[in-house]
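Note sheet for the following structure.
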Amino acid sequence: MPENNRELIDLATLYEITRALASSDDLRKCLEESLTVLAERTSLGNGAVTIANPLTGQIETEVAPGMTAEARKRGIYKFGEGITGRVVASGAPIVVPQISQEPLFLNKTRARAEKNQKTLSFLCVPIKHGAATIGALSVDRSYQKGIDFEKDLQFLTVLSGLIAQTVVRIQAVNQERERLEQENTQLRRELSEKYRVASIVSNSNRMQEVFEMIHRVADSNATILLRGESGTGKTMVAKAIHHNSKRAKAPFIAVNCSALPETLLESELFGHEKGAFTGAQGAKKGRFELAESGTLFLDEIGDLSQAVQIKLLNVVQDREFQRLGGIAPIKCNVRLITATNKDLEKAVEDGSFREDLYYRLNVFPIYLPPLRERRTDIMLLADFFLQKYNTENGKQIRRISTPAIDMLAQYHWPGNVRELQNCIERAVLICDEDSIKSYHLPPSLQTSDSGGERNPLSFAAAVENFERELIIDSLKKSRGNQTKAAQLLDTSLRIINYKIANLNINPRQFKIAKP
């Protein structure tokens, strides 16, 4: 082939290979495409790129088009081992004119049949980044007696330089991506801690969203409407919003709108003047005045009468009100948070709740999920309440037993966190042991279907639960030894074995349990 034609072919090939190397941030894909172009456009085939791994001290086959995964796994060399190992160790190229005559050629990948080795030459050049050798590029070509390999080595050396740049580029991209992922993970962790409001115990994703909403709205003056079932913690969220806001040093005043009759509620909210009604012997400030510069929390807002709704609407719109029996308007600077477990949209439709007030209050709604939708919080809350009531009642109950945990986890909690709190308080009060057992829990939890109807547990089933609890506890203490379990329960081995079989208890699962 004329020299000029050879040079043109080499330049065109290098151009195609350069395009392939720049086509992706996937190192293996780039190298495979470039070696495929090399094989298609030149007489240099069976190409392979090996990369030195400084951590393992080995040279591993990164890419070899047409080679099986098993063959690539076998293509691992130590520094100085075989032709590839020597090229990486020395940083100098090596040419094997006829691989069948070279004992250093190990053919670890077994990619070349024994009968073909007499017809193949092998060329291997180092892949360098600066002064360091980071790998090697190797190819085969048909053996020709007396062939000059200088042009091939020059071409492969240029190609190895392009590969080195690609390897370094993609490694830098991957390192940057990994750094960003680590930073992202760290930021998520920090945000998780930031949004974890101290007074609220939770690690569920649903509540993390609530925490984020709290921090987003805390420093604004927007009116907030807390939605959710009774017992989900709306009062605690209202307090968290207040204590995370700029108003934290000012008062937080809470009013349960459903707990007071209409006439008394109006007086409680807006205050009254002396003589405003029978028994009003002096002027009294209302909750709006008491909460000045702070936060007023109106719970059960859906129970307000129409008359109180109108007055509340005026306060929300004009930021002023009048005491009962008063004539002078009073300005107020109060952050208003309201809450309800009712369907306000339906109440607006049937006319029991004013539409204009609804839109005034529903500026920033926050929905609190029921406990059954955040089951990962059940045991976290149970442990928190256990420690709380241990301290209050001077008890040292260490844990909640496995059967009791199962009952807590399976129950549907219609009363949400408040019901769970009451449940654990009751259990602590009646428990005289070192752990809360299933029979310490309320009868409402001890149903055959904890998500269905709340029928009391039958006497036989209650006895069965009690027996199972005692036997499991003794097996844990005896590490699954049934004889010792029988001794702990002051009964015979025969009875224990009978009960274990009848109750479908597997003693083997307790063999590694701590006593």
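The values are calculated or read from the model by the stated rules, or taken from the named source; none is laboratory data. None of the values given here were measured: they were computed from a predicted structure. Methodologically, a virtual Cβ is constructed for each residue, glycine included, from the backbone with ideal geometry; neighbour enumeration extends over all protein chains shown.
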Matching residues, region 97-111, being surrounded by fewer than 17 Cβ atoms within 10 Å (Cβ to Cβ) and touching a Leu at 6+ places or on another chain (Cβ under 9 Å): Q98, S100
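Hey, any hits in region 393-402 for a residue that's more than 28 Å from N465 (Cβ to Cβ) and small (G, A, S)?
Going through region 393-402, the residues more than 28 Å from N465 (Cβ to Cβ) turn out to be 394.
Of the ones still in play, those that are also small (G, A, S) are 394.
Checking region 393-402: at least one residue is more than 28 Å from N465 (Cβ to Cβ) and small (G, A, S).
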Checklist (1) of a type outside the set (D, E, K, R); (2) surrounded by fewer than 19 Cβ atoms within 10 Å (Cβ to Cβ); (3) modelled with pLDDT of 85 or more applied to L225, failing item: (2)
Members of region 195-216 that are under 25 Å from E292 (Cβ atoms) and buried (at least 19 other Cβ atoms within 10 Å of the Cβ): V197, I214
Residue that is surrounded by the fewest Cβ atoms within 10 Å (Cβ to Cβ), among those in region 241-292 that are more than 45 Å from the chain's Cα centre (by Cα) and part of a helix (DSSP H, G or I): L264
Condition broken by N422, with the remaining ones in (1) closer than 23 Å to I200 by Cα; (2) of a type outside the set (K, R); (3) touching a residue at least 24 places away in the same chain (Cβ under 8 Å) satisfied: (3)
Scan of region 144-177 for residues that are touching a strand residue (DSSP E or B) at 6+ places or on another chain (Cβ under 7 Å) and without any contact (Cβ under 8 Å) to a residue 60 or more places away in the chain, ordered by number: F149, S160, A164, V168
Residue match in region 474-495 (condition: in a helix (DSSP H, G or I), of a type in the set (V, I, T), surrounded by 14 or more Cβ atoms within 10 Å (Cβ to Cβ) and at pLDDT 85 or above): no
Region 113-172, residues that are among the polar types (S, T, N, Q), part of a strand (DSSP E or B) and surrounded by 15 or more Cβ atoms within 10 Å (Cβ to Cβ): S121, T133, S138
Enumeration of residues in region 380-396 that are among the charged types (D, E, K, R), surrounded by 12 or more Cβ atoms within 10 Å (Cβ to Cβ) and more than 12 Å from A427 (Cβ to Cβ): D383, K388
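Only residues that are farther than 12 Å from I301 by Cα and surrounded by 13 or more Cβ atoms within 10 Å (Cβ to Cβ): list them for region 334-351, please.
Of everything in region 334-351, those that are farther than 12 Å from I301 by Cα and surrounded by 13 or more Cβ atoms within 10 Å (Cβ to Cβ) turn out to be V334, R335, V348.
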Single residue of I405, I424 found to be modelled with pLDDT of 85 or more, surrounded by fewer than 20 Cβ atoms within 10 Å (Cβ to Cβ) and part of a helix (DSSP H, G or I): I405
Failed item in (1) surrounded by fewer than 15 Cβ atoms within 10 Å (Cβ to Cβ); (2) within 18 Å of T235 (Cα to Cα), with T295 passing the rest: (1)
Cross-chain or 6+ apart pairs with Cβ under 7 Å, region 366-392 first and without any contact (Cβ under 8 Å) to a residue 40 or more places away in the chain, then outside any helix (DSSP H, G or I): N390/Q396; N390/I397
Test: residue in region 120-133 that is free of Cβ contacts under 8 Å to residues at least 60 places away in the same chain and over 20 Å from T50 (Cβ atoms): no
Criterion: among the β-branched types (V, I, T) and touching a helix residue (DSSP H, G or I) at 6+ places or on another chain (Cβ under 6 Å) - qualifying residue of I366, I405: I366
Residues of region 56-96 classified as part of a loop (DSSP other than H, G, I, E, B), touching a residue at least 40 places away in the same chain (Cβ under 8 Å) and crowded, with 17+ Cβ neighbours inside 10 Å, total: 3
Odd one out for L38 among (1) within 21 Å of T133 (Cα to Cα); (2) over 37 Å from the mean Cα position of the chain (by Cα): (1)
Condition check for T36: among the hydroxyl-bearing types (S, T, Y), touching a Gly at 6+ places or on another chain (Cβ under 8 Å) and either in contact (Cβ under 8 Å) with a residue 60 or more places away in the chain or not in a loop (DSSP other than H, G, I, E, B) (or both): no
Test: residue in region 59-72 that is in the same structural domain as L21 (by TED's automatic domain parsing) and more than 46 Å from the chain's Cα centre (by Cα): no
Of the criteria (1) in a helix (DSSP H, G or I); (2) among the small types (G, A, S); (3) within 46 Å of the chain's Cα centre (by Cα), which one A12 fails: (3)
